[in-house]
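Structure first, commentary second.
The values are calculated or read from the model by the stated rules, or taken from the named source; none is laboratory data. Since the structure is predicted, the reported quantities are computational estimates derived from the model, not experimental observations. Don't worry about glycine lacking a Cβ; one is built from the backbone with ideal geometry, like all the others, and counts go over all protein chains shown. Protein only, heavy atoms only, side chains kept; ligands, DNA and RNA dropped before computing areas. Shrake-Rupley method; radii C 1.70, N 1.55, O 1.52, S 1.80 Å.
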Amino acid sequence: VKDAELTIISVKPQNLEALSTHFEPPSSPCGGGLFLSIVAGVPLADLRRYFHSNHIIRSMPNTPAMVLEGITVWIATKETPTEMKDKAKLLLNSFGDQIEVFEGHYIDMPVRARQ
C-alpha cells in the first residue's frame, strides 16, 4: 500500500498497533494517500500516530450497510483535502447514506433503541 491512493483499515482495535508497524511514513511531504479507518473506538489522534499521516478519515458504518441501507458517520482530519473527502463520500455512499461530523465524540455515541 506504499503508494496507494486509498488504504482502508478494518481490523479489531487490539490489532491496530501491530498492523501499523508494517507501514512506513508517507514519502511525499504533502502526506501521501488517504487512510480510511473502520476501526471501532480509535480516535483520529491515535490513527495519525499509528500511520504517520495527516490524511485520515475515521468512519463507523452500521450493520444495515450489509444490505446497502446503512448510515456511515465519519470525520476527517483538518488536513484531509476536499478531493480525498469527496472520494471517501463516494465510497461510503455505495452502501447507504453517509454523514460527515466535525467532532469525534459523535462517532462514539451509543445508539438507543426507539420505543
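What the table below lists for this structure:
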quantity: 18 Å Cα-Cα reach of K89 towards aspartates and glutamates, excluding residues that sit fewer than 8 places from it in its own chain; calculated: E5, E69, E79, D97, E100, E103
quantity: Ranked by how many other beta carbons lie within 10 Å on average, peptides 85-94, 67-76 from highest; calculated: 67-76, 85-94
quantity: Acute angle (nearest 10 degrees) that the helix 82-93 long axis makes with the longest principal axis of the chain, alpha-carbon atoms; calculated: 40 degrees
quantity: Portion, in percent, of the accessible area of the chain that falls on carbon or sulfur, probe 1.4 Å; calculated: 56 percent
quantity: Rotationally averaged projected area of the chain (alpha carbon convex hull; nm²); calculated: 7.5 nm²
quantity: Per-residue ³J(HN,Hα) for segment 102-108, Karplus 6.51 cos²θ - 1.76 cosθ + 1.60, θ = phi - 60°, Hz, x for Gly and Pro; calculated: 10, 9, x, 5, 5, 6, 8
quantity: Relative contact order computed over the chain (Cα-Cα under 8 Å; 6+ residues apart), in percent; calculated: 21 percent
